[in-house]
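Written out below as structure tokens is the structure these notes cover.
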Amino acid sequence: GPALVRLQGSGHVDLYYSMSEKCRLLDREEAWSPGGSILLSTSLDAITWSKPRVVASQGAGVPQVTANPPVLWRDPKVEGRSTWLLPIWRELPRKSACMFESNSSDSAAVLHSLRWAECRDDDAEESCKCSHMHGEAACGHKWAVGGTLKHHRTWLIESSIVTFSDGLLLQLFRTTVGKVYRSLSHDGGVHWTAPEATSLPNPNSKVHALVLSNGLLAVCYNAHTHRDIKDGVRSFLSVAISVDRGQTWDIVAELETAQKPEGTDYRPMFHYPTMYQRGCTLFIVYTVSFNVAGTIPVFSAQNPTPSHLQTGIRIAKIDMRLYDANNPTV
């Protein structure tokens, strides 16, 4: 993380993140902070935040991590019944003195907000009214871990969950085998189908999926083949659209196509995307960094950073009206 979501009703922003408590390696030369417990804080102005509370404790298990925002699943069979679903995973830290009782490393899971699932819009119970007005963090609702998934060929991490109008849930995973993997749930995220490969390439990098207002499914991903994984290549960043809920994909935008500058050891990286739709505009926010072979140079006012090595956050936008006319609603 962190992972952010804005509540439509109240305007509050919920912030989910993982915090290392037991497994941090504080050695000056080899410092390492893995995941840990999942925490939640809320804010109305994105400046002042509530005191964080633990929604999923690491306990004696492998550290937990989160990367993509939660989704609100609405039960199509029970009017007013809904629950938040937050994708997480467990990952063994590369540098840690911790011992773990659990062997569930490299496994994906989903956090369910239990109290929210019992609330209806017309429910008079105070805790339910609290959740609708102020978000989860202010109300002390309980969460449970469910939907654990593993695969014998690859880890399944940094997953992105989307929900369709009929209640179907789709989860897309980062993997080490060159393809984005997918899993489906027909019962609100309690049970998931066995993960399987999609046609989308994946060089072991985060993806983000989003159901658009017209029902189409969008995904932002690094469009690299399996052979690029070993080099950590993330210089191509694309957006694709699916009209059949992730069965097939059409690339609608190539946001980044940079190559390594001639005669340098620097490779640009455009990664960790998150999408947000406002009206007919799709915004894509992502990180700009670079890989460097050998010694990393020191830049200063006298030796400024060249343009191809400048890092930070970049925002792109797509006018989705260009695609509505030719694509049916899912």
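The values are calculated or read from the model by the stated rules, or taken from the named source; none is laboratory data. Predicted, not measured: the structure shown is a model, and the values here were computed from it. All Cβ positions, glycine included, derive from the backbone under ideal geometry; neighbour counts span all protein chains shown.
Pick from 194, 218: which is assigned to a strand (DSSP E or B) and of a type in the set (Gly, Ala, Ser)?
None of the other options fit; the residue is 218.
Mind telling me which of the residues 305, 295, 287 ends up being surrounded by 13 or more Cβ atoms within 10 Å (Cβ to Cβ) and either modelled with pLDDT of 85 or more or over 19 Å from residue 233 (Cβ atoms) (or both)?
Only one candidate passes the filter, namely 287.
Have a look at 211, 243 and point out the one that is of a type in the set (A, V, I, L, M, F, W, C), at pLDDT 95 or above, surrounded by 14 or more Cβ atoms within 10 Å (Cβ to Cβ) and over 19 Å from residue 314 (Cα atoms).
So the residue among 211, 243 that is of a type in the set (A, V, I, L, M, F, W, C), at pLDDT 95 or above, surrounded by 14 or more Cβ atoms within 10 Å (Cβ to Cβ) and over 19 Å from residue 314 (Cα atoms) is 211.
Considering only residues that are at pLDDT 70 or above and not in a strand (DSSP E or B), look in the stretch 221-234 and name the one that is surrounded by the most Cβ atoms within 10 Å (Cβ to Cβ).
So the residue we want is 234.
Is it the case that residue 98 is at pLDDT below 85, part of a loop (DSSP other than H, G, I, E, B) and crowded, with 18+ Cβ neighbours inside 10 Å?
No.
Out of the stretch 175-197, which residues are surrounded by 20 or more Cβ atoms within 10 Å (Cβ to Cβ), in contact with a Phe, Trp or Tyr (Cβ under 9 Å, 6 or more places away or on another chain) and at negative phi?
175, 180, 181, 182, 183, 185, 195
Do we find a residue being loosely packed, with under 14 Cβ neighbours inside 10 Å, modelled with pLDDT under 85 and outside any loop (DSSP other than H, G, I, E, B) anywhere in the stretch 146-159?
no
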